[in-house]
Structures are given as structure tokens and as C-alpha cells.
Amino acid sequence: MRLRGKTALITGAAGGIGSAVALCFAEEGATLVLSDIDLDGCQTVCREIREHDGKAWAAGADVISEEEIVDLFAAIRKTEGRLDILVNIAGGDLDPFSGADSISSEAIDRNLSLNLRSCMLSCREAVKIMQPRKYGRIVNMSSLVYRGAEQQFSYAAAKGGIASFTRSLALSLGQSNITVNALAPALVDVPVFRKALGSERWEALSRECASRYPLKRVARPIDVAKAALFLASDDASFITGQILEISGGARL
């Protein structure tokens with residue numbers, strides 16, 4: 001088991017990608033702290049993990065709130081006394097499909113707060129626990145749109161910010177044996193997308209994207225989870241500051 005003896009926090013753990021990462025990590029022996037604004041969803045994932053003899057507990061947190069982020073890490077310090085792995089998944093596009101002439105300051109603030117600011121603050125709190133122990137694995141969630149995306153201006157900017165923040169943090173923390181990497185998936189088949197778009201629009205979008213990807217399908221949550229597992233494990237102990245694209249070959 002690659003994560004036996006390790007304690008991992010996964011934010012956004014109630015979602016499609018977050019729950020896949022949680023289940024994947026549990027199979028590899030990690031003790032899990034699952035956090036999401038959807039506490040009931042986290043508890044559901046925890047129950048599934050425990051049914052298979054895994055260890056997990058849930059903590060509700062809205063990562064837009066600095067106070068709730070600080071409280072979350074204080075609870076981890078009190079309950080576990082350590083944190084070996086942080087996987088920052090919480091996020092999402094709160095202003096999709098806007099035109100360049102209709103970008104609002106409110107949308108900018110929302111997307112930067114949910115995606116970039118929350119990641120930076122969570123990393124800050126994690127480092128306080130990891131650095132004294134000279135060990136840590138941080139995996140942030142960027143997106144393939146970090147390269148730029150039509151009609152996703154503030155979201156793409158936030159994900160681009162995560163890419164540069166990840167590299168900066170890797171430069172800063174290497175001497176403390178803390179690696180920092182990011183995942184950049186293309187379109188992933190998760191319930192939130194299907195619900196937001198409706199079945200007809202989702203099928204059209206997924207077919208269109210799949211037709212452009214060399215592997216001819218969109219990503220599944222497990223594809224992202226397995227990449228997160230690799231970067232969180234000691235198999236990747238000499239990899240840091242990287243943005244791993246999980247894209248089926250898109251944008252080659």
C-alpha cells in the first residue's frame with residue numbers, strides 16, 4: 001500500500017473527482033480527512049470507505065472562507081497531529097460562457113476566491129504542519145484551461161494562477177522535502193457537469209471533445225484520481241513543480 005501510515009486531506013471530496021481520489025487513496029492505506037461544503041456528501045464517502053475497512057472522517061468547510069480553512073487545519077492538527085498529503089480539489093467555474101464584454105468584477109472575485117485564493121490559503125495552512133516534519137506532498141487542481149479558454153476568462157485566469165503558484169511553492173519548499181504539483185484535466189465526466197448542462201448538451205459536448213482528443217474519449221474521475229495518487233505517493237518523490245495534463249492527448 002503506497003499511502004499506508006500517511007494522513008491526507010482532500011478538499012472538494014464530495015464531488016465526482018474528489019470522491020474518486022478519496023476512494024483511491026483509501027485503497028492505498030491512507031487515513032483520510034474529507035472536506036467539502038457538502039458535509040452530507042463527504043459523510044457518504046466516509047461511510048463507503050469505512051465499509052471497506054478504511055479510515056476516514058469528514059469536516060465541512062467552505063473554502064471561500066479563510067476562517068473555515070484555518071479551522072479545518074486546526075481540527076486536523078488536533079485530531080491527527082500530522083498531515084502528509086494535501087489534495088486541493090475544491091473549485092469550479094462560477095461564471096461560465098460569459099462574453100469578453102460582460103466580464104464582471106463580482107464574477108472575477110467569485111472565481112478567484114473559490115479556485116485560486118482557497119488553494120493558496122489551504123497550502124499556507126498545510127505548510128505550517130508539514131514543514132516542521134520535513135515531509136509533504138501537495139497536489140493542486142488546475143485545469144487544461146490554464147492555457148486559456150474562450151468564454152472562461154476568470155476561471156482560466158484562476159487555474160493559470162494555480163499553475164504558477166504551484167511552481168513557486170515547489171521552489172520554496174523543496175529543501176523541506178515537500179513536493180508541490182498540479183493536475184490539469186481536460187473535460188471530465190462528473191455528475192456536476194451532466195446536471196449543469198442537461199443530458200442533451202452534455203452528450204453533445206462530450207462527443208465533440210472526444211472527437212478532438214487522440215484517445216477519443218473524455219476523462220473519467222478515476223483517471224484524475226490515479227494521477228493524484230502517483231503525485232501524492234513516494235513514487236513521485238523526485239517530481240515537483242510540474243503541471244500534469246490529464247487530457248487524452250488534447251492540445252498536443
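Read-outs: derived from the displayed coordinates by stated rules, not from any lab. Just so you know, these numbers come straight off a predicted model, no measurement behind them. Cβ: placed from backbone, ideal geometry, glycine included. Neighbour counts: every protein chain shown.
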Checklist outcome for this item: Summing +1 per Lys or Arg and -1 per Asp or Glu among the other residues with Cβ less than 13 Å from Ile108's Cβ gives -2
Item to check | Surrounding net charge for Asp71, when Lys and Arg each add one and Asp and Glu each subtract one, Cβ distance under 12 Å | outcome: -3
Checklist entry - Against the longest principal axis of the chain, how steep is helix 66-79, in degrees 0 to 90 to the nearest 10, with axes from Cα atoms? => result 40 degrees
Checklist entry - Given +1 on the Cβ of Lys and Arg, -1 on the Cβ of Asp and Glu, and no further charges, what dipole in debye does the chain carry about its Cα centre, rounded to the nearest 20? => result 880 debye
Next on the checklist: Principal axis extents for the stretch 1-88, Cα atoms only, whole Å, descending order, please.
Outcome noted: 34, 26, 18
Checklist outcome for this item: Filtered pair list for the chain (Lys only, Cα < 18 Å, 8 or more apart or interchain) has a length of 7
Item to check | Charge dipole (the stretch 150-252, unit charges on Cβ, about Cα centre) - positive-most of Ala210, Phe153, Phe230 | outcome: Ala210
Checklist entry - Once the Cα gyration tensor of the chain is found, what semi-axes does its equivalent ellipsoid get, as square roots of 5 times the eigenvalues, in whole Å, sorted largest first? => result 27, 20, 19
Item to check | Nearest-ten-degree value, helix 16-27 long axis tilted from longest Cα axis of the chain | outcome: 30 degrees
Item to check | Angle in degrees between helix 221-232 and the longest Cα principal axis of the chain, rounded to the nearest 10 | outcome: 40 degrees
Item to check | Span per principal axis, largest first, for the Cα atoms of the stretch 175-215 (Å) | outcome: 50, 25, 9
Checklist outcome for this item: Neighbours of Gly249 by Cβ distance under 12 Å: Lys/Arg at +1, Asp/Glu at -1, summed charge +3
Next on the checklist: Report the Cα centroid-to-centroid distance between the stretch 170-193 and the stretch 92-157 in angstrom, as an integer.
Outcome noted: 11 Å
Checklist entry - Placing +1 at every Lys and Arg Cβ and -1 at every Asp and Glu Cβ, with all other atoms neutral, what dipole size does the stretch 44-175 have around its Cα centre, in debye to the nearest 20? => result 840 debye
